[in-house]
1. Once you keep just the Cα pairs under 8 angstrom separated by 6 or more residues, what percentage relative contact order results for segment 185-253?
2. If we count trypsin sites (Lys or Arg not before Pro) as exposed when they sit in a DSSP loop and have at most 14 other beta carbons within 10 Å, what is the longest stretch of the chain that avoids them all?
3. Leaving out ligands and nucleic acids, and using a 1.4 Å probe, what accessible area per residue does the chain come to in Å²?
4. Using alpha-carbon pairs under 8 Å, 6+ residues apart, how would you state the relative contact order of the chain in percent?
5. What do you get for the angle between helix 157-167 and the principal long axis of the chain? Use alpha-carbon atoms, 0 to 90 degrees, nearest ten.
6. If the viscosity is 1.567 mPa s and the temperature 4 °C, what Stokes-Einstein diffusion coefficient in µm²/s follows for the chain when Rh is the Kirkwood radius over Cα pairs?
7. Any chance you could look up the accessible area of Ile84 with a 1.4 Å probe, heavy atoms only, rounded to 10 Å²?
8. Mark the label point 7 Å from the Cα of Ser214 along Cα→Cβ and return the residues of segment 129-162 whose backbone N is within less than 18 Å of it.
Amino acid sequence: MKAFKLLISLIVLAISLPSCVTYLTPSMTGDNNIGYLPRPFSKDTIKRLNYISAEYSSSSAPSGDLNFNLGMLNISKGHTLKHINFGYGAFVFLGNANYENDSTISKSDSDNPINNFNKFLYGGGLRTTIGFHVTEIKNLDLRILNWENAFSIEKGDYANYRKEIYRSTLSYPVYVSNLDKFFTTGLSSEILWNPNFLNKNLQIGLRLFVGITSGLNKSFINKDTNQTDPDMDYRAVSFNSFIKYKKIFSTLQMGAEHNLGAKIALGYSF
(Lines give C-alpha, C1' and ligand atoms only; values in the text may rest on other atoms or scores of the structure.)
Protein backbone atom coordinates (compact mmCIF):
# COMPACT_ATOMS: atom_id res chain seq x y z
CA MET A 1 0.00 0.00 0.00
CA LYS A 2 2.92 2.36 0.68
CA ALA A 3 4.23 1.75 -2.84
CA PHE A 4 0.77 2.50 -4.25
CA LYS A 5 0.59 5.83 -2.37
CA LEU A 6 4.13 6.71 -3.43
CA LEU A 7 3.22 6.15 -7.10
CA ILE A 8 0.23 8.49 -6.83
CA SER A 9 2.30 11.12 -5.01
CA LEU A 10 4.94 11.13 -7.73
CA ILE A 11 2.36 11.46 -10.51
CA VAL A 12 0.56 14.27 -8.69
CA LEU A 13 3.84 16.08 -8.07
CA ALA A 14 4.83 15.89 -11.71
CA ILE A 15 1.51 17.29 -12.89
CA SER A 16 1.07 19.93 -10.19
CA LEU A 17 4.54 21.52 -10.33
CA PRO A 18 3.44 24.31 -12.73
CA SER A 19 0.36 25.15 -10.64
CA CYS A 20 0.42 28.10 -8.24
CA VAL A 21 -3.32 28.07 -7.48
CA THR A 22 -4.88 26.28 -4.51
CA TYR A 23 -8.07 24.25 -5.05
CA LEU A 24 -10.60 22.95 -2.53
CA THR A 25 -12.11 20.25 -4.72
CA PRO A 26 -14.70 17.61 -3.85
CA SER A 27 -13.37 14.12 -3.23
CA MET A 28 -16.00 12.56 -5.52
CA THR A 29 -15.02 14.01 -8.87
CA GLY A 30 -15.25 11.72 -11.90
CA ASP A 31 -12.11 9.75 -11.08
CA ASN A 32 -13.75 8.45 -7.88
CA ASN A 33 -17.42 8.65 -8.83
CA ILE A 34 -17.07 6.37 -11.85
CA GLY A 35 -15.90 2.87 -11.04
CA TYR A 36 -15.54 -0.44 -12.85
CA LEU A 37 -18.64 -2.66 -12.84
CA PRO A 38 -17.67 -6.28 -13.64
CA ARG A 39 -19.88 -8.41 -15.88
CA PRO A 40 -19.60 -12.13 -16.74
CA PHE A 41 -17.53 -13.29 -19.71
CA SER A 42 -19.69 -14.31 -22.69
CA LYS A 43 -18.27 -17.87 -22.65
CA ASP A 44 -19.06 -18.34 -18.96
CA THR A 45 -21.79 -20.82 -18.09
CA ILE A 46 -23.35 -18.35 -15.65
CA LYS A 47 -24.44 -15.11 -17.35
CA ARG A 48 -25.49 -13.26 -14.20
CA LEU A 49 -23.22 -12.69 -11.21
CA ASN A 50 -23.05 -10.65 -8.02
CA TYR A 51 -19.84 -8.82 -7.13
CA ILE A 52 -18.64 -7.37 -3.85
CA SER A 53 -15.31 -5.60 -3.31
CA ALA A 54 -13.34 -3.46 -0.89
CA GLU A 55 -11.41 -0.57 -2.42
CA TYR A 56 -8.73 1.92 -1.44
CA SER A 57 -8.56 5.28 -3.26
CA SER A 58 -5.85 7.96 -3.14
CA SER A 59 -6.21 11.24 -5.04
CA SER A 60 -4.98 14.84 -5.05
CA ALA A 61 -6.24 18.28 -6.10
CA PRO A 62 -4.45 20.05 -9.00
CA SER A 63 -2.21 22.12 -6.73
CA GLY A 64 -1.00 19.02 -4.90
CA ASP A 65 -1.53 20.40 -1.38
CA LEU A 66 -4.92 18.72 -0.86
CA ASN A 67 -5.01 14.93 -0.72
CA PHE A 68 -7.82 12.42 -0.24
CA ASN A 69 -7.67 8.90 1.18
CA LEU A 70 -10.87 6.88 0.93
CA GLY A 71 -12.05 3.39 1.72
CA MET A 72 -14.94 2.12 -0.42
CA LEU A 73 -17.27 -0.86 -0.28
CA ASN A 74 -18.87 -1.79 -3.62
CA ILE A 75 -21.67 -4.23 -4.41
CA SER A 76 -23.02 -4.79 -7.90
CA LYS A 77 -24.70 -7.21 -10.29
CA GLY A 78 -23.58 -7.91 -13.84
CA HIS A 79 -25.46 -9.48 -16.77
CA THR A 80 -24.14 -10.68 -20.11
CA LEU A 81 -26.57 -11.49 -22.92
CA LYS A 82 -26.03 -12.35 -26.59
CA HIS A 83 -25.37 -8.83 -27.85
CA ILE A 84 -25.51 -6.60 -24.76
CA ASN A 85 -24.12 -6.48 -21.26
CA PHE A 86 -25.24 -4.39 -18.33
CA GLY A 87 -24.50 -3.88 -14.66
CA TYR A 88 -25.72 -1.84 -11.71
CA GLY A 89 -24.58 -1.38 -8.15
CA ALA A 90 -24.15 0.76 -5.07
CA PHE A 91 -21.19 1.92 -3.03
CA VAL A 92 -20.37 3.64 0.25
CA PHE A 93 -17.17 5.42 1.22
CA LEU A 94 -15.45 7.17 4.09
CA GLY A 95 -12.09 8.79 4.51
CA ASN A 96 -10.31 12.09 5.00
CA ALA A 97 -9.26 15.26 3.19
CA ASN A 98 -5.79 16.38 4.24
CA TYR A 99 -4.59 19.91 3.37
CA GLU A 100 -0.97 20.98 3.98
CA ASN A 101 0.33 24.30 2.68
CA ASP A 102 1.81 26.64 5.29
CA SER A 103 2.49 29.34 2.69
CA THR A 104 -1.17 29.79 1.69
CA ILE A 105 -2.25 33.24 2.98
CA SER A 106 -5.00 35.49 1.70
CA LYS A 107 -3.73 38.26 -0.54
CA SER A 108 -6.20 40.80 0.80
CA ASP A 109 -6.17 39.83 4.49
CA SER A 110 -3.17 37.97 5.93
CA ASP A 111 -5.20 37.18 9.05
CA ASN A 112 -7.49 34.88 7.03
CA PRO A 113 -5.33 32.02 5.74
CA ILE A 114 -6.58 28.60 4.72
CA ASN A 115 -5.23 26.73 7.71
CA ASN A 116 -3.90 23.21 7.34
CA PHE A 117 -6.58 20.63 8.14
CA ASN A 118 -7.49 16.97 8.19
CA LYS A 119 -11.25 16.59 7.83
CA PHE A 120 -13.53 13.56 7.79
CA LEU A 121 -15.83 12.79 4.86
CA TYR A 122 -18.26 10.03 3.92
CA GLY A 123 -21.06 9.25 1.49
CA GLY A 124 -22.45 6.80 -1.02
CA GLY A 125 -23.86 6.41 -4.47
CA LEU A 126 -25.15 4.32 -7.37
CA ARG A 127 -23.57 3.20 -10.66
CA THR A 128 -24.88 1.72 -13.92
CA THR A 129 -23.45 0.55 -17.23
CA ILE A 130 -24.99 -0.85 -20.41
CA GLY A 131 -23.24 -1.66 -23.65
CA PHE A 132 -22.99 -3.51 -26.94
CA HIS A 133 -20.41 -6.25 -27.41
CA VAL A 134 -18.98 -8.59 -30.05
CA THR A 135 -18.25 -12.14 -28.86
CA GLU A 136 -17.51 -14.02 -32.10
CA ILE A 137 -13.74 -13.83 -31.58
CA LYS A 138 -12.48 -16.84 -29.64
CA ASN A 139 -11.60 -16.12 -26.00
CA LEU A 140 -12.28 -12.41 -26.45
CA ASP A 141 -15.19 -10.08 -25.64
CA LEU A 142 -15.06 -6.71 -27.38
CA ARG A 143 -17.32 -4.41 -25.37
CA ILE A 144 -17.23 -1.81 -28.10
CA LEU A 145 -19.39 0.95 -26.60
CA ASN A 146 -20.82 1.26 -23.10
CA TRP A 147 -22.84 4.05 -21.52
CA GLU A 148 -21.87 4.53 -17.88
CA ASN A 149 -23.42 6.64 -15.13
CA ALA A 150 -22.71 7.32 -11.46
CA PHE A 151 -24.47 9.42 -8.84
CA SER A 152 -23.07 10.07 -5.38
CA ILE A 153 -23.41 12.36 -2.38
CA GLU A 154 -20.47 13.60 -0.30
CA LYS A 155 -21.09 14.43 3.37
CA GLY A 156 -19.04 15.18 6.46
CA ASP A 157 -16.83 17.89 7.88
CA TYR A 158 -14.93 18.49 4.65
CA ALA A 159 -18.06 19.04 2.52
CA ASN A 160 -19.37 21.44 5.17
CA TYR A 161 -16.03 23.29 5.23
CA ARG A 162 -16.04 23.79 1.45
CA LYS A 163 -19.53 25.28 1.64
CA GLU A 164 -18.47 27.55 4.52
CA ILE A 165 -15.53 28.93 2.51
CA TYR A 166 -17.73 29.26 -0.59
CA ARG A 167 -20.34 31.36 1.28
CA SER A 168 -17.80 33.43 3.22
CA THR A 169 -17.52 37.17 2.55
CA LEU A 170 -13.80 37.03 3.38
CA SER A 171 -11.10 36.74 0.74
CA TYR A 172 -9.30 33.42 0.44
CA PRO A 173 -6.59 32.52 -2.13
CA VAL A 174 -8.42 29.45 -3.42
CA TYR A 175 -10.77 28.09 -6.02
CA VAL A 176 -13.46 26.29 -4.02
CA SER A 177 -16.44 24.15 -5.10
CA ASN A 178 -19.66 23.90 -3.08
CA LEU A 179 -20.92 20.84 -4.98
CA ASP A 180 -21.89 17.85 -2.83
CA LYS A 181 -24.03 15.84 -5.28
CA PHE A 182 -22.30 14.37 -8.33
CA PHE A 183 -23.67 12.90 -11.54
CA THR A 184 -20.99 11.57 -13.87
CA THR A 185 -21.88 10.19 -17.30
CA GLY A 186 -19.87 9.09 -20.30
CA LEU A 187 -18.80 6.36 -22.70
CA SER A 188 -16.32 3.54 -22.37
CA SER A 189 -14.75 0.75 -24.41
CA GLU A 190 -13.42 -2.48 -22.97
CA ILE A 191 -11.63 -5.68 -23.94
CA LEU A 192 -12.12 -8.83 -21.83
CA TRP A 193 -9.81 -11.73 -22.59
CA ASN A 194 -9.68 -15.36 -21.43
CA PRO A 195 -6.09 -16.60 -21.99
CA ASN A 196 -7.19 -20.21 -22.16
CA PHE A 197 -3.66 -21.42 -22.97
CA LEU A 198 -2.59 -20.15 -19.53
CA ASN A 199 -5.64 -21.04 -17.46
CA LYS A 200 -9.29 -21.46 -18.43
CA ASN A 201 -10.36 -19.79 -15.15
CA LEU A 202 -8.39 -16.60 -15.78
CA GLN A 203 -9.91 -13.38 -17.22
CA ILE A 204 -8.08 -10.13 -17.99
CA GLY A 205 -9.75 -6.84 -18.95
CA LEU A 206 -8.77 -3.32 -20.01
CA ARG A 207 -11.18 -0.38 -20.15
CA LEU A 208 -11.07 3.32 -21.09
CA PHE A 209 -13.77 5.76 -19.93
CA VAL A 210 -14.31 9.39 -21.01
CA GLY A 211 -17.12 11.54 -19.60
CA ILE A 212 -18.06 14.57 -17.53
CA THR A 213 -19.52 15.40 -14.11
CA SER A 214 -22.51 17.67 -14.51
CA GLY A 215 -22.05 21.14 -13.00
CA LEU A 216 -18.61 20.45 -11.54
CA ASN A 217 -16.64 22.95 -13.63
CA LYS A 218 -19.12 25.76 -12.97
CA SER A 219 -19.26 25.06 -9.22
CA PHE A 220 -15.79 26.55 -8.57
CA ILE A 221 -15.29 30.19 -7.60
CA ASN A 222 -12.13 32.16 -6.83
CA LYS A 223 -12.58 33.59 -3.32
CA ASP A 224 -10.17 36.44 -4.06
CA THR A 225 -11.98 37.70 -7.16
CA ASN A 226 -15.40 35.95 -6.97
CA GLN A 227 -14.80 34.84 -10.56
CA THR A 228 -15.01 31.37 -12.03
CA ASP A 229 -11.89 29.77 -13.50
CA PRO A 230 -11.86 30.53 -17.26
CA ASP A 231 -9.48 27.62 -17.92
CA MET A 232 -11.54 25.06 -16.01
CA ASP A 233 -12.99 22.71 -18.63
CA TYR A 234 -11.86 19.26 -17.57
CA ARG A 235 -13.28 15.88 -18.57
CA ALA A 236 -13.47 12.72 -16.49
CA VAL A 237 -11.01 10.19 -17.91
CA SER A 238 -10.13 6.85 -16.35
CA PHE A 239 -8.26 3.71 -17.31
CA ASN A 240 -8.96 0.33 -15.70
CA SER A 241 -7.32 -3.04 -15.57
CA PHE A 242 -9.33 -6.05 -14.39
CA ILE A 243 -8.18 -9.54 -13.50
CA LYS A 244 -10.34 -12.43 -12.28
CA TYR A 245 -9.38 -15.95 -11.26
CA LYS A 246 -12.28 -18.26 -10.51
CA LYS A 247 -14.39 -16.20 -8.06
CA ILE A 248 -11.72 -13.71 -6.93
CA PHE A 249 -11.13 -10.49 -8.85
CA SER A 250 -9.10 -7.29 -8.60
CA THR A 251 -9.26 -3.92 -10.35
CA LEU A 252 -6.82 -1.05 -10.68
CA GLN A 253 -8.06 2.35 -11.89
CA MET A 254 -6.19 5.57 -12.63
CA GLY A 255 -8.11 8.69 -13.61
CA ALA A 256 -8.50 12.43 -13.54
CA GLU A 257 -11.19 15.13 -13.44
CA HIS A 258 -9.77 18.13 -11.55
CA ASN A 259 -8.37 15.62 -9.06
CA LEU A 260 -5.84 13.03 -10.15
CA GLY A 261 -6.00 9.67 -8.46
CA ALA A 262 -5.94 5.92 -8.45
CA LYS A 263 -7.77 3.15 -6.66
CA ILE A 264 -7.27 -0.56 -6.18
CA ALA A 265 -9.93 -3.12 -5.26
CA LEU A 266 -10.12 -6.75 -4.26
CA GLY A 267 -13.40 -8.60 -4.55
CA TYR A 268 -15.45 -11.79 -4.75
CA SER A 269 -18.07 -12.90 -7.28
CA PHE A 270 -20.96 -15.23 -6.57
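1. On the way: 113 pairs, mean separation 21.7, N = 69.
With pairs under 8 Å counted, the relative contact order is 31 percent.
2. Numbers: sites that count: Lys82, Lys107, Lys138, Lys200, Arg235, Lys246, Lys247.
Longest gap between qualifying sites, sites excluded: 1-81.
3. Numbers: 12910 Å² over 270 residues.
Averaged over the residues of the chain, the accessible area is 48 Å².
4. On the way: 731 pairs, mean separation 55.5, N = 270.
Across the chain, relative contact order equals 21 percent.
5. 50
6. On the way: Rh = 19.4 Å.
Stokes-Einstein gives a translational diffusion coefficient of 67 µm²/s.
7. My reading of the accessible area for Ile84 is about 70 Å².
8. 129-130, 147-154
The values are calculated or read from the model by the stated rules, or taken from the named source; none is laboratory data. Since we're looking at a predicted model, the values are computed, not measured. Note that each Cβ is placed from the backbone with ideal geometry, even for glycine, and that neighbours are counted across all protein chains shown. Heavy atoms of the whole protein, side chains included, go into the accessibility calculation; ligands, DNA and RNA do not. Shrake-Rupley method; radii C 1.70, N 1.55, O 1.52, S 1.80 Å.
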